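Input: a single structure, listed below in structure tokens.
The values are calculated or read from the model by the stated rules, or taken from the named source; none is laboratory data. This is a predicted model, so every value here is computed, not measured. Backbone-built Cβ (ideal geometry, glycine too); neighbour counts: all protein chains shown. Note: areas computed on protein heavy atoms with side chains; ligands, DNA, RNA excluded. Shrake-Rupley method; radii C 1.70, N 1.55, O 1.52, S 1.80 Å.
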Amino acid sequence: RVSANYEDIRRSDDALDGDAAHQLFNSELAGFVDVNSYAARDFARPFRLDTEAIYDTQNDTRISLGTGYAGGTIGDFEFCGFFPQENNRFEQLRTFARLDHTYDDASTASLEWSGNYETSDFKNIMMEKTSENSLSGQYNLEPADHHHISVGGNFRQVHINTDADYDQQCTYEDEPFDEYWGSLFVMDHWDVTDRLALEGQLRGDWYSPNDQADWSGRLSGLYALDEAKDHILRLSTAKAYRSPLLVLREIRGRLIPVGQGLYIFNTDKSEDLRNEQNLALEAGYSGRISRHITVRLDSYYQRYQDLLGYIMTTDFWGLNHFAADNIAGADAWGSELELAYQHSKGKISVWYAYNDFQEDQPRQELRALLPAKHKAGLTGRLFLPNGWTFNGNYKFTNTTPGNPADWIDHGIVHRLDLTISKRILDDRGELMLGVSDVLNQTEDPYLGAINQTGHEMPGRTFFVRVQYQF
């Protein structure tokens, strides 16, 4: 298998005929950031190549080898007031070797090595070279009737070097940087009866920073209310975690200079960060009301602990220093309802979702936007004569609250996407015509977690796509 791809994405200023707006969100920094010289530089010219070779032996063994490459030029963007307006370059290489085997008792096993290597020259953020090597294995068996068990593990090594051409670029405090990960897991799917199934998962991880270990797990049950299994109840509980990103633990940055060796923004390495934790309870129902009508209802509650955010301290010069810290937790809950009608001529579905999120502390720093409380949508597919298919997808999203620390919200969004497609060349190809985001000519500027400026982006986009399989 061989595939290649090249893209040439224009910058927003060009696509919008120079009408993109540039706005300084933090007016207190207006005297230090030359926003009038800024221009949208969200262009990209990436090239991708992917190859894979598969060989099936005569003893139920499959050997897979693959290599992929991506590289190219992309535009830079303003980062905490620093905007050199120079092209960024990146190169990525991915390679893997995998062995799959099926034994006489129908059990299966796999062993895979993969490597990821990257060189990036991002003038506005960081220059780095990284390598990642991973070895993973899994064994699947049926030790008893109605039990399907999988056991496995993986080991991963990461090596990073950082460099800088400008004082404002970021580097890692301790580099070259090496990190090691190891994990073991087990999964069991048990068909207790014809109607009841239980599934459990348990995973333990260890990684080298501060010699930390943690675990995650999930227990789920599915119960059919009738013999035909047209109505199914689901109940799950889970515990998960997220380790602090390397950029939070190790980054060091000095941005927006105000004097010799003095900077308004100082980002420092963070010490003794704990893993963010999540405990979840989920319940759901899916049912076939009639031959053509189905309904689905899902609800959840989640408890977050040790969420990461930024704390600020002020030094002798009155300058700010930011560092990540485990601040507090939060609660989240929500539900989603979908009703669908399917016929030989097409399918239509309508859905509604409610999501809420309440942090423990007022104006708690979260490094993220909060979920929009209300979302609704309508999706339709119509099979037309002569092999044509029409698709429409409408979605409404009410106000998306910003990070509670700054409360910069994103307003109500109505989005409509339309496509019409036809199978061609003996069904080995497809021609598609479409328009995305019909209702919005442009997208308003977004405030990123690290940006002081923003610009409009193209919304409504017409496209033509041709695919062929061989």
**Request:** Show the residue pairs that are 6+ apart or on different chains and have beta-carbon atoms under 8 Å apart, the first residue being within region 133-153 and within 14 Å of S114 (Cβ to Cβ), the second being outside any strand (DSSP E or B).
**Result:** none
**Test: residue in region 62-72 that is closer than 21 Å to Y446 by Cα, of a type outside the set (S, T, Y) and modelled with pLDDT of 95 or more** = no
**Item:** When residues of region 107-126 are limited to those that are assigned to a strand (DSSP E or B), out of contact with any Lys or Arg (no Cβ under 9 Å at 6 or more places or on another chain) and open to solvent by less than 30 Å² (accessible area, probe 1.4 Å), the one modelled with the highest pLDDT
**Value:** A109
**Request:** State all residues of region 74-89 that are part of a strand (DSSP E or B) and either in contact (Cβ under 8 Å) with a residue 60 or more places away in the chain or open to solvent by 30 Å² or more (accessible area, probe 1.4 Å) (or both); if no residue qualifies, say none.
**Result:** I74, F79, F82, R89
**Asked** Based on what the data block shows, is E282 touching a residue at least 24 places away in the same chain (Cβ under 8 Å) and either loosely packed, with under 15 Cβ neighbours inside 10 Å or closer than 30 Å to I348 by Cβ (or both)?
**Response** yes
**Request:** May I ask you to list the residues in region 199-231 that are touching a residue at least 24 places away in the same chain (Cβ under 8 Å), under 28 Å from Q277 (Cβ atoms) and among the aliphatic types (A, V, I, L, M)?
**Result:** L222
**Asked** What number of residues in region 342-368 are without any contact (Cβ under 8 Å) to a residue 60 or more places away in the chain and not in a strand (DSSP E or B)?
**Response** 9
**Of the criteria (1) within 30 Å of E282 (Cα to Cα); (2) touching a strand residue (DSSP E or B) at 6+ places or on another chain (Cβ under 7 Å); (3) not in a strand (DSSP E or B), which one A328 fails** = (3)
**Message:** Please go through region 232-262 and give me each residue that is closer than 30 Å to P84 by Cα, more than 27 Å from the chain's Cα centre (by Cα) and in contact (Cβ under 8 Å) with a residue 40 or more places away in the chain, ordered by number.
**Reply:** R254, L255, I256, P257, V258, L262
**Fill in**
Residues of region 140-173 being open to solvent by 30 Å² or more (accessible area, probe 1.4 Å) and closer than 16 Å to V247 by Cα, in sequence order, are H159, N161, D163, A164, Q168, T171, E173
**Request:** Could you check, for region 270-279, whether at least one of its residues is over 27 Å from C80 (Cα atoms), touching a residue at least 12 places away in the same chain (Cβ under 8 Å) and not polar (S, T, N, Q)?
**Result:** yes
